[in-house]
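Colleague: Following this message is one structure expressed as structure tokens.
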Amino acid sequence: MSRILHLLWLSIWRSSLQWWSRRSFLITIVIGRAVTPLLGLIVWSAALPGDSAVATYYVVLLAVQLMTVSFEHHTLSNGIYAGNLGGELLAPKPVVIGYLGENLALRLWHLVFGMPLIVLAAALVGISVEWPAVAMAIPAILVAAALRFVFTYALALSALWTERAHGVVGFGETLIFLLGGTAAPLGILSEPLRSIGQALPFWSMLGMPAEVAAGTLHGSAIVAAYFVQLGWLAAGTALVVGVWRVGVRRFTALGG
Amino acid sequence: MTTLVSVHGLEMTYRAPVRPEGLRAAFRALVHREYRHIAAVADMSFDIAAGEVVGFLGPNGAGKTTTLKILSGILHPTSGDVRVLGFLPSRRRHEFLTQIALVRGSQPIGLPTELTVLDSFRYQQLLYGVRAADYQASIAELTEMLELQPLLDRQVRALSLGERMRAGLALALLYRPRVLFLDEPTLGLDVTAAIALRRFVAAYAARTGATVLLTSHYMADVQSLCRRVVLIDHGRLRYDGGLDALAADLAPYKLLRIALADPVPVSWEDFGTVEESDGGSVTLRVRRDDAAAVTGRLLTQLPVVDLSVTDPPLETVLDRFYRAEAK
């Protein structure tokens, strides 16, 4: 286990260095990822003037978005297309370690480069967060980050079947935008849309931790949300393991 | 001698979708796909003993890289029994992976290019669990043999192709693999770099007793490293034996190069088939069995000042063989 953790740490370090050398590009993708929460902030602040909860929610959502970004279509899918998977399979380590390390490195840089945006947005709209709520949201952010990685990784593995993996992952990103709480906070939707949205995995990846941190989710609703989130993480992990096994079987039967 | 690589009845068949031309066929293919089975490797068998350096030859698409991928564990064969170091490669067990290396000339280093060569070595040390003492010894040895000292603190992205290949080879050998698969290791290298690489592989194999299976389109690689060659074509094994005997087996003729003292009219067709004539000298193709007799006749009948008898170049022999097979 310590060897795996050490390899993961080295992978984060290597990827961080690699991405630092592409920092100009990195800043553009950070801005790209920040656009939709900021748009939501502008639109819903205009629609519900004086509602500080909505403003707080979107600023926290921006932070959650930057901490949970996943680019496995660029790292994993492009690696498969470039013919790197064969070499990865021959390294005496789980293939996922390298991609997980790169994912974590990217999130780290997103947070670093995105921090000025978060601070600026928070100062401009005047958010009010309660630190107990933020503390309660930390596990949710970690599970959301894991869930989003698992979800994107599974979609990115479609590169083993098709050359359109970017489209597949892009469709998944669209679902996260529409149903995850960016297009509209699920809390302000009417029933049954709200319940349906909260039961789907997309809210667990983005909106749920933001709602917990913003203090718009309370008591038993938080517990229920955690159960849903952990359930989807278990299901997503099982799915990605299954897709990986079938995909690698196909890859090793057809060639790289 | 212990057999380290054992291949028996190896088959690898791909299923490729096919359809006739035209829009109607394209629509029909949406609901009813048809496939053709393509045999990349068919009924191949050979064994390689510990310490052997074997050349794996064949034209493009012959199945060389496919076979190497099967032997290293990237591909799962359709059928047949393959064992490397006693392991089934396709299972990719940790103990197996830490004893083999696949080096591809097309992808010498698959690591982040921002890291220095020494960073990459450190990562490889941890990845393969190389003990500190062995790591230091390997680094010292590989640095000396591959002249890596000026490269150690440089970023991988700043290396030339030849330097990348040297660094990639050193990375692959850091954990001292017992079986080394080299797929076109001199691809794209200049003459000097290619010679250095060949010299290194030969020295490494001699020093460590590693088993090496090498594919290359450059006959110089094969001639300088391999005493045994395995020749495949269309996925089938065509020859397995000594490199010396390959030319005799595939080309039943020798080349006689003759230079005369004075330019006299000669009916060369009486001696053999003219391969080349450049005024001062003539190259004749003569049946292997007749070479001695023809040489005697040339020396007695003509004012010969220089004469050499050689096997045809391996490239020529293989070219003729491939073209004959294609027909």
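Colleague: Tally the residues that are closer than 28 Å to B:Val191 by Cβ, in a helix (DSSP H, G or I) and touching a residue at least 40 places away in the same chain (Cβ under 8 Å), restricting the search to the range B:122-150.
Modeller: Qualifying residue count, the range B:122-150: 2.
Colleague: What pairs come out if I take residues in the range B:188-203 that are farther than 14 Å from B:Val53 by Cβ and pair them with residues that are acidic (Asp, Glu) and surrounded by fewer than 17 Cβ atoms within 10 Å (Cβ to Cβ) whose C-beta lies under 9 Å away, six or more apart or interchain?
Modeller: If the second residue must be acidic (Asp, Glu) and surrounded by fewer than 17 Cβ atoms within 10 Å (Cβ to Cβ), the pairs left are B:Ala196/B:Glu147.
Colleague: Provide a single number: the residues in the range A:107-160 that are over 30 Å from A:Val243 (Cβ atoms), in contact (Cβ under 8 Å) with a residue 60 or more places away in the chain and either in contact with a strand residue (DSSP E or B) (Cβ under 8 Å, 6 or more places away or on another chain) or of a type in the set (A, V, I, L, M, F, W, C) (or both).
Modeller: 10
For (1) within 18 Å of the chain's Cα centre (by Cα); (2) away from every other protein chain (no Cβ under 14 Å), each residue gets a yes or a no:
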site: B:Arg28; (1), (2): no, yes
site: B:Tyr35; (1), (2): no, no
site: B:Asp47; (1), (2): yes, yes
site: B:Asn60; (1), (2): yes, yes
site: B:Lys64; (1), (2): yes, no
site: B:Ser72; (1), (2): yes, no
site: B:Leu88; (1), (2): no, no
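Colleague: Right, something else. Among the residues of the range B:30-49, is any acidic (Asp, Glu) and in contact with a Ser or Thr (Cβ under 7 Å, 6 or more places away or on another chain)?
Modeller: yes
Colleague: Just to be sure, is B:Glu163 in the same structural domain as B:Thr192 (by TED's automatic domain parsing), under 25 Å from B:Arg198 (Cα atoms), free of Cβ contacts under 8 Å to residues at least 60 places away in the same chain and of a type outside the set (Gly, Ala, Ser)?
Modeller: Considered against the rule, which asks whether it is in the same structural domain as B:Thr192 (by TED's automatic domain parsing), under 25 Å from B:Arg198 (Cα atoms), free of Cβ contacts under 8 Å to residues at least 60 places away in the same chain and of a type outside the set (Gly, Ala, Ser), B:Glu163 comes out as yes.
Colleague: Oh, and also: Exactly one of these conditions fails for B:Arg122: (1) facing chain A (nearest Cβ under 9 Å); (2) surrounded by 23 or more Cβ atoms within 10 Å (Cβ to Cβ); (3) among the basic types (Lys, Arg). Give me its number.
Modeller: (2)
Colleague: Something else: Please report, ordered by residue number, the helices (runs of 4 or more DSSP H) entirely within the range A:66-176 with at least 1 residues that are aromatic (Phe, Trp, Tyr) and within 14 Å of chain B (Cβ to nearest Cβ).
Modeller: Fully inside the range A:66-176 and qualifying: A:78-81, A:96-125.
Colleague: Tell me which residues, restricted to the range B:273-327, are among the polar types (S, T, N, Q) and either farther than 20 Å from B:Leu243 by Cα or without any contact (Cβ under 8 Å) to a residue 40 or more places away in the chain (or both).
Modeller: Within the range B:273-327, B:Thr273, B:Ser277, B:Ser281, B:Thr283, B:Thr295, B:Thr300, B:Gln301, B:Ser308 meet the criteria.
Colleague: Right, something else. Can you name every residue in the range B:91-110 that is outside any loop (DSSP other than H, G, I, E, B) and either more than 8 Å from chain A (Cβ to nearest Cβ) or under 22 Å from the mean Cα position of the chain (by Cα) (or both)?
Modeller: B:Arg91, B:Glu95, B:Phe96, B:Leu97, B:Ile100, B:Ala101, B:Leu102, B:Val103, B:Arg104, B:Gln107
Colleague: Which numbered condition trips up B:Asp153, out of (1) in a loop (DSSP other than H, G, I, E, B); (2) within 13 Å of another protein chain (Cβ to nearest Cβ); (3) farther than 30 Å from B:Phe46 by Cα?
Modeller: Only one criterion is unmet by B:Asp153, namely (2).
Colleague: While we're on this one: Within the range B:74-86, is there a residue that is within 14 Å of B:Glu184 (Cα to Cα) and within 10 Å of chain A (Cβ to nearest Cβ)?
Modeller: no
Colleague: Picking from B:Ala39, B:Ala101, B:Ala62, B:Ala16, which residue would you name as being surrounded by 14 or more Cβ atoms within 10 Å (Cβ to Cβ) and outside the structural domain of B:Leu161 (by TED's automatic domain parsing)?
Modeller: Of the residues listed, the single one that is surrounded by 14 or more Cβ atoms within 10 Å (Cβ to Cβ) and outside the structural domain of B:Leu161 (by TED's automatic domain parsing) is B:Ala39.
Colleague: Looking only at residues that are modelled with pLDDT of 85 or more and of a type in the set (D, E, K, R) in the range B:208-249, which one is surrounded by the most Cβ atoms within 10 Å (Cβ to Cβ)?
Modeller: Per the stated criteria, the residue is B:Asp233.
Colleague: Got a sec? Which of A:Val243, A:Val228 is in a helix (DSSP H, G or I), away from chain B (no Cβ under 14 Å) and either over 21 Å from the mean Cα position of the chain (by Cα) or closer than 30 Å to B:Ile38 by Cα (or both)?
Modeller: Residue meeting the stated conditions: A:Val243.
Colleague: Which residues, counting only those in the range A:18-44, are surrounded by fewer than 16 Cβ atoms within 10 Å (Cβ to Cβ) and not small (Gly, Ala, Ser)?
Modeller: A:Trp20, A:Arg22, A:Arg23, A:Phe25, A:Ile27, A:Thr28, A:Ile31, A:Val35, A:Leu39, A:Ile42, A:Val43
Colleague: Follow-up question, since we're still on this one. Spot the failing condition for B:Ala292; the list is (1) among the hydrophobic types (A, V, I, L, M, F, W, C); (2) touching an Asp or Glu at 6+ places or on another chain (Cβ under 7 Å); (3) outside the structural domain of B:Tyr218 (by TED's automatic domain parsing), and only one is missed.
Modeller: (2)
The values are calculated or read from the model by the stated rules, or taken from the named source; none is laboratory data. Since this is a predicted model, take the numbers as computed values, not measurements. Heads up, the Cβs are rebuilt from the backbone with ideal geometry, glycines too, and the neighbour counts pull from every protein chain shown.
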